[in-house]
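Single-structure report; data block below.
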Amino acid sequence: VMKGDEFDQDAKNNALKETVVPAQRGSIYDGSYTRPLVGNQPAFSIDVTPGLVTGRIADLFSSLAEVLDVSPKYLASKVSPNERRLFQPIEVFSGAEFATVAYLGEHIDRFPGVRWRNEPVRDYRSLGALAHVIGYVGEISVEELQLKYNEGYRQGDTIGKSGLEQVYDRRLRGTPGLSHQTVDAFQRDLGTQESRAPIPGIDLVLT
């Protein structure tokens, strides 16, 4: 009774779920600034919200696995038994092509609880001998996160691993956005409260 206002505010804060929205990474151009040596290729991550799945989740995994060309066991391994009643999206697949997402959208009634997010991936197809100079990106490791946590990096971030991708990572990576959602005890979305749009990374032009 004495701390009612304080506990009420704590309860509201606990009910806010923060989601990081990745920023598009800057492109790398040659000296003429006309042709990108490295750009971003459209790709999508597939999420499943177990609490929204009607029927057996195993049946959903079986149908979804056929579309994604993976095994149902692979998808099932992404959702642990204690998560199967939650209303929180869980990523089960990454790197899906637009055609796959278009098919899911056209047949969404067959895939209850399935959603997708646009997460571009790097396109290194035409680098040739420059590959070792440009470098590559990957998910941040535990060791890298310990060193760079105070620089704004988080678990799951994509980071430059070698070459120019690593040296100019802070310039290329941009600033991730944030989405704050109000959720209940089961992680059901009660409505987005506010969001901050991501800021794309800055392009890098070589000499």
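What to note about this one:
- Student exercise, region 84-207 dipole from Lys, Arg, Asp, Glu Cβ charges, in Debye to nearest 20: 100
- Sulfur and carbon atoms: percent of accessible area, the chain [1.4 Å]: 51
- Per residue, the accessible area of the chain comes to 64 Å² when a 1.4 Å probe rolls over the protein heavy atoms.
- Dipole magnitude of the chain, debye to nearest 20 (Cβ charges: Lys/Arg +1, Asp/Glu -1, about Cα centre): 220
- Residues whose placed amide H lies under 5 Å from that of residue 122, excluding near-sequence neighbours: 41
- By a 1.4 Å probe calculation restricted to protein chains, residue 93 has an accessible surface near 40 Å², given to the nearest 10.
- Share of pairwise Cα separations in region 40-147, more than 20 Å, in percent: 49
- Each principal axis of the Cα cloud of the chain was taken in turn, and the coordinate range along them, longest first, works out to 64, 52, 30 Å.
- Positive-pole candidate from 26, 82, 52, dipole of region 1-144, charges at beta carbon: 52
- Nonlocal amide H pairs with residue 136, under 5 Å, H built at 1.01 Å: 161, 162, 165, 166
- Nearest-10 value in Å² for the accessible area of residue 30, using the 1.4 Å probe: 40
- Model label sites at residue 171 and residue 74, defined 7 Å from Cα along the beta-carbon direction, differ in position by 3.7 nm.
- The distance between label points at residue 1 and residue 195 comes to 4.4 nm (points 7 Å beyond Cα on the Cα→Cβ vector).
- Once C-alpha pairs closer than 8 Å and six or more residues apart are averaged by separation and normalised to the residue number of the chain, the relative contact order reads 32 percent.
- Here the calculated FRET efficiency for residue 202 and residue 9, from their Cβ-Cβ distance with R0 = 41 Å, stands at 0.60, rounded to the nearest 0.05.
- Amide H contacts of residue 37 (H built 1.01 Å from N, under 5 Å, at least 5 apart or other chain): 28, 29, 30
The values are calculated or read from the model by the stated rules, or taken from the named source; none is laboratory data. Remember, predicted model here, so these are calculated numbers, not experimental data. All Cβ positions, glycine included, derive from the backbone under ideal geometry; neighbour counts span all protein chains shown. Keep in mind that these areas ignore ligands, DNA and RNA; they rest on the heavy atoms of the full protein, side chains included. Shrake-Rupley method; radii C 1.70, N 1.55, O 1.52, S 1.80 Å.
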